[in-house]
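Beneath this line is the structure, given in structure tokens, with notes to follow.
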Amino acid sequence: MVLLILHEVSRGFPSPLEVGVEDIVVNLILWLKLAAELTGVLIIGGGVAVTLVRLLLGFSKNRRADYERTRLILARFLALGLELQLAADIIATAVSPSWNQVGKLGAIAVIRTGLNYFLAREVKEEQEAIAKNQNGTMEASEP
């Protein structure tokens, strides 16, 4: 009964497709996807720039600790950029989730998640190694 009433009432209202709301939503989603992709690319590009500057300054000092810290900084930029790229791919499937796109998203998600996992693990190991080296030099310098 309620469904019949709702059906009769809705006859007077145009559908979202007739109004063009669906096109507006699709365009907003595509803009959001583009913004996420662009942000990810800018973050990775910024990380590369920071890394190059730090490497050039670090080579003049020739210290291994600077190199390891620089690698950690780049890894953090890469991890964040990859997460934004993955978010953009997920947003894209909201617009037209064909099985082909879902399959591609699955493959991309597995690859990017794997990269993020190994980057995070490497960052953790490098941080532990740096902390261990700093503790070792502090203990050696104490009388």
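General remarks:
One line per residue, one yes/no per condition, for (1) out of contact with any strand residue (DSSP E or B) (no Cβ under 8 Å at 6 or more places or on another chain); (2) among the charged types (D, E, K, R); (3) modelled with pLDDT of 90 or more; (4) at positive phi:
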residue: G20; (1), (2), (3), (4): yes, no, no, yes
residue: V26; (1), (2), (3), (4): yes, no, no, no
residue: L32; (1), (2), (3), (4): yes, no, yes, no
residue: I44; (1), (2), (3), (4): yes, no, yes, no
residue: F77; (1), (2), (3), (4): yes, no, yes, no
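- Subset tally (residues that are aliphatic (A, V, I, L, M), more than 19 Å from K33 (Cβ to Cβ) and touching a residue at least 40 places away in the same chain (Cβ under 8 Å)) for the stretch 64-119: 6
- Just one of the numbered conditions (1) exposed (fewer than 12 other Cβ atoms within 10 Å of the Cβ); (2) among the aromatic types (F, W, Y); (3) within 13 Å of the chain's Cα centre (by Cα) is not true of F59: (3).
- Hits in the stretch 77-114 - residues which are hydroxyl-bearing (S, T, Y), within 22 Å of W31 (Cβ to Cβ) and either out of contact with any helix residue (DSSP H, G or I) (no Cβ under 7 Å at 6 or more places or on another chain) or not in a helix (DSSP H, G or I) (or both): S96, S98
- Within the stretch 118-132, restricting attention to residues that are surrounded by 14 or more Cβ atoms within 10 Å (Cβ to Cβ) and among the hydrophobic types (A, V, I, L, M, F, W, C), the residue that is nearest to L80 (Cα to Cα) is L119.
- There is at least one residue in the stretch 115-129 that is within 30 Å of W31 (Cα to Cα), out of contact with any Leu (no Cβ under 7 Å at 6 or more places or on another chain) and modelled with pLDDT of 80 or more.
- Residue pairs meeting the criteria (Cβ under 6 Å; at least 6 apart or on separate chains; first farther than 11 Å from I91 by Cα, in the stretch 19-39; second modelled with pLDDT of 90 or more): T39/L84
- Scanning the stretch 36-57 for residues that are among the charged types (D, E, K, R) and under 18 Å from A87 (Cβ atoms) returns a single hit, E37.
The values are calculated or read from the model by the stated rules, or taken from the named source; none is laboratory data. Bear in mind that the values here come from a model prediction, so they are computed numbers and not experimental data. Every residue, glycine among them, receives a Cβ derived from its backbone with ideal geometry; neighbour counts consider all protein chains shown.
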